[in-house]
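Input: a single structure, listed below in structure tokens.
The values are calculated or read from the model by the stated rules, or taken from the named source; none is laboratory data. What you see is a predicted model; the values in this text were computed from it and never measured. Note: ideal-geometry Cβ built from the backbone for every residue, glycine included; neighbour counts use all protein chains shown.
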Amino acid sequence: MRVIAPRIVRERVGAEEVLSAEKQAVVSFSDIDITRTDGLFELEGRITDAATRLCDELAELIPRGHPRSSLCIRRAVDDAVAEAREAARLLAGQ
């Protein structure tokens with residue numbers, strides 16, 4: 001499962017005003033059964049941990065960037081959890 005953390009800096013560089021960066025990590029779930037509720041919760045916890053780490057790293061690298069770390073984490077988690085739930089639904093249907 002891929003977790004992507006966004007960071008945007010609004011600066012003027014020539015004609016451009018916006019710079020963006022992102023960090024991503026792959027979260028493994030090969031050791032858990034995500035078709036089971038407890039397995040999916042475990043994966044969501046791993047996703048949250050990864051998103052927190054990535055957003056904190058981006059905040060250190062780009063201190064004036066947006067969104068704030070809490071919003072960065074929420075966006076990264078929401079996107080990855082949606083993918084995880086879809087993957088669990090597809091696996092359960094097999």
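Observations
- Hits in the stretch 1-19 (condition: assigned to a strand (DSSP E or B) and either modelled with pLDDT of 80 or more or touching a helix residue (DSSP H, G or I) at 6+ places or on another chain (Cβ under 9 Å) (or both)): Arg2, Val3, Ile4, Ala5, Pro6, Arg7
- Test: residue in the stretch 30-42 that is basic (Lys, Arg), surrounded by fewer than 16 Cβ atoms within 10 Å (Cβ to Cβ) and free of Cβ contacts under 8 Å to residues at least 40 places away in the same chain: yes
- Any hit, the stretch 57-71, residues being touching a helix residue (DSSP H, G or I) at 6+ places or on another chain (Cβ under 7 Å), free of Cβ contacts under 8 Å to residues at least 40 places away in the same chain and under 11 Å from Met1 (Cβ atoms): no
- Count of residues meeting criterion [surrounded by 15 or more Cβ atoms within 10 Å (Cβ to Cβ) and either assigned to a helix (DSSP H, G or I) or touching a Leu at 6+ places or on another chain (Cβ under 9 Å) (or both)] in the stretch 58-72: 6
- In the set (1) at pLDDT 95 or above; (2) in contact with a strand residue (DSSP E or B) (Cβ under 7 Å, 6 or more places away or on another chain), the condition left unmet by Glu22 is number (1).
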